[in-house]
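Structure first, commentary second.
The values are calculated or read from the model by the stated rules, or taken from the named source; none is laboratory data. All of these numbers come straight from a predicted model, not from anything done at the bench. Here Cβ is always computed from backbone atoms with ideal geometry, including for glycine, and neighbour counts include all displayed protein chains. When the accessible area is computed, the model is the full protein with side chains, heavy atoms only, and any ligands, DNA or RNA have been set aside. Shrake-Rupley method; radii C 1.70, N 1.55, O 1.52, S 1.80 Å.
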Amino acid sequence: MQSDTSDHQEPQSPTGRRIRDFEFRTSLPRVRTSCIFSTAPDPSPKSSVRSSPSTMGSDTRSTVKIVKGDFGYVLEDVPHLTDYLPDLSTYPNPLQDNPAYSVVKQYFVDQDDTVPKKVVVQKDKPRGLHFRRAGPRQKVYFESDDVRACIVTCGGLCPGLNTVIREIVCGLSYMYGVNRIIGIEGGYRGFYARNTIELTPKSVNDIHKRGGTILGTSRGGHDTLKIVDNIQDRGINQVYIIGGDGTQKGAAVIFEEIRRRGLKVVVAGIPKTIDNDIAIIDKSFGFDTAVEEAQRAINAAHVESESVENGIGVVKLMGRYSGFIAMYATLASRDVDCCLIPESPFYLEGKGGLFEYIEKRLKENGHMVIVVAEGAGQDLIAESMKSMGNEDASGNKLLLDVGLWLSQRIKNYFTSREKMAINLKYIDPTYMIRAIPSNASDNVYCTLLAQCAVHGAMAGYTGFTVGLVNGRHTYIPFDRVTETGNKVVITDRMWARLLSSTNQPSFLSSEDIEEANVPEDQPEQAVHQEESLNNGSV
């Protein structure tokens, strides 16, 4: 296969016009470029090793590549191997000879294609932040026979993990002819403490029908130098990391160490969280399955409560910091009378409180269903939380069971009043939901995420997470998906739709509403970073 060293095209605007040049100032001599690079200091060995999830990436940040164009256009690009290995050869993409793609009118994604973070803009506003569109490129930076890829899954379980594993393996094999792929067992520590398994299309053929992950998973175990040493010793040059925000922070640190060593190794992330709280992306895989399965628990609670006098069904769903599963399951089921989530504070006693509402609903309907996200009401049991003060290996705060606590408080309230006997059933389907196989919708989504990650890796992009933004698959810098988490906006229309569906009180004071109604993060954050560079403040 002939190599082709004419590689990167100069960035252009989506209209085809060449991006105008910009300057940036660092301690180096002034240069002119079409991109703005903000490079954090190389991580010291001390800061790289044994980074905890809470601090991972706090002192190391992936190179920020910013391209500006007309009408306020800002592209926050992802790193590329040629950023630190400029003399790499390129090769024709094998897809052009793949029979499966012979009917496709356009094999490859245009180099200029980007996807806007915000799809709704006003005519007098700038076009805002964009991300690079995912997909196959005309030139690749790896010959198929030279690729040695590995896949690792970290963190908690989520529907769809096996599907992502399967499609990475099949994508590398069927689309690019790669035949050396291994699985890292047991999460990050598996790089240096566990065996690996060989992955082939035959061995992963039916794993999407199972829940969990065939590779095993764990929390913690992140030792950057040991991981990168292992990657280097094994000759691995493509690393696919599947996990949540803590896992992606770890992936960012691994990428920085690989870049510091000047290795031709791609690090690609596939974001995973059942809570759907990863920033930037439309949704995470497994979420649709979780909502669908949550409805089964809600339906069971509804049947139980409806079958007895003054029946109350309490269902606890996942949602440590965000209530997306609880909200969407409530809207989908239509059997819920009250939904409690972490973003919306509530109170129990007094006028307008939860107890008053429960009593009212029981008098009107004779039964009710309450859905509560696991992170809701933690302020109400703060004293108990102080006695715990523990975190898991990923740095997540260990929460008390708000479902059990709330059920007992409801029982105590009505027992003390004596005039109304209740029958309360508590259902916690958390681990049942996490462990099931993904549904049809998530299977398709997992397939596309995996294939886009493979396309990006073969094209030489690195230090990125693949995700759906405004219905288009994109490559997003690691720091963008780990800098903050998505939360339900309780001053938004979707939450208002839920309140009107359940007819529950909002439990919010005017102060709560004012505090919640904060302006959304401006997509022009990249512009501010660029301005700081130009002003010499970095």
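Below are the figures for this structure:
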read-out: Test: residue in the range 200-207 that is outside any loop (DSSP other than H, G, I, E, B) and open to solvent by 60 Å² or more (accessible area, probe 1.4 Å); value: no
read-out: In the range 136-153, the residues that are open to solvent by 10 Å² or more (accessible area, probe 1.4 Å), under 18 Å from Cys170 (Cα atoms) and outside any loop (DSSP other than H, G, I, E, B); value: Ser144, Asp145, Asp146
read-out: Complete set of residues in the range 411-430 that are open to solvent by 50 Å² or more (accessible area, probe 1.4 Å), in contact (Cβ under 8 Å) with a residue 60 or more places away in the chain and not small (Gly, Ala, Ser); value: Asn423, Lys425, Tyr426, Asp428
read-out: Among (1) of a type in the set (A, V, I, L, M); (2) free of Cβ contacts under 8 Å to residues at least 60 places away in the same chain; (3) closer than 19 Å to Gln238 by Cβ - the single one Val104 does not satisfy; value: (3)
read-out: Answer residue from the range 71-129, given it is open to solvent by less than 60 Å² (accessible area, probe 1.4 Å), more than 30 Å from Ile258 (Cα to Cα) and among the aromatic types (Phe, Trp, Tyr) and is nearest to the chain's Cα centre (by Cα) among those; value: Tyr73
read-out: Condition check for Lys249: touching a Pro at 6+ places or on another chain (Cβ under 7 Å) and not aromatic (Phe, Trp, Tyr); value: yes
read-out: Residue within the range 134-146 that is more than 22 Å from the chain's Cα centre (by Cα) and of a type in the set (Gly, Ala, Ser) present; value: yes
read-out: Single residue of Val371, Val336 found to be open to solvent by less than 20 Å² (accessible area, probe 1.4 Å), touching a helix residue (DSSP H, G or I) at 6+ places or on another chain (Cβ under 8 Å), part of a strand (DSSP E or B) and touching a residue at least 60 places away in the same chain (Cβ under 8 Å); value: Val371
read-out: All positions within the range 397-410 that are at pLDDT 90 or above and either open to solvent by 80 Å² or more (accessible area, probe 1.4 Å) or among the aliphatic types (A, V, I, L, M) (or both); value: Val402, Leu404, Leu406, Gln408, Ile410
read-out: Verdict on Gly471 being over 24 Å from Ile214 (Cα atoms), modelled with pLDDT of 95 or more and under 17 Å from the mean Cα position of the chain (by Cα); value: no
read-out: Residue under evaluation Glu511, criteria (1) assigned to a loop (DSSP other than H, G, I, E, B); (2) at pLDDT 55 or above; (3) open to solvent by 80 Å² or more (accessible area, probe 1.4 Å), criterion not met; value: (1)
read-out: Restricting the range 250-283 to residues that are assigned to a loop (DSSP other than H, G, I, E, B) and at pLDDT 95 or above, the residue that is most open to solvent (accessible area, probe 1.4 Å); value: Lys264
read-out: Which numbered condition Gly220 fails, given (1) farther than 24 Å from Asp442 by Cα; (2) out of contact with any strand residue (DSSP E or B) (no Cβ under 7 Å at 6 or more places or on another chain); (3) open to solvent by 50 Å² or more (accessible area, probe 1.4 Å); value: (3)
read-out: Qualifying residues in the range 290-319 (those that are part of a strand (DSSP E or B), crowded, with 24+ Cβ neighbours inside 10 Å and not hydrophobic (A, V, I, L, M, F, W, C)) - the one nearest to the chain's Cα centre (by Cα); value: Lys316
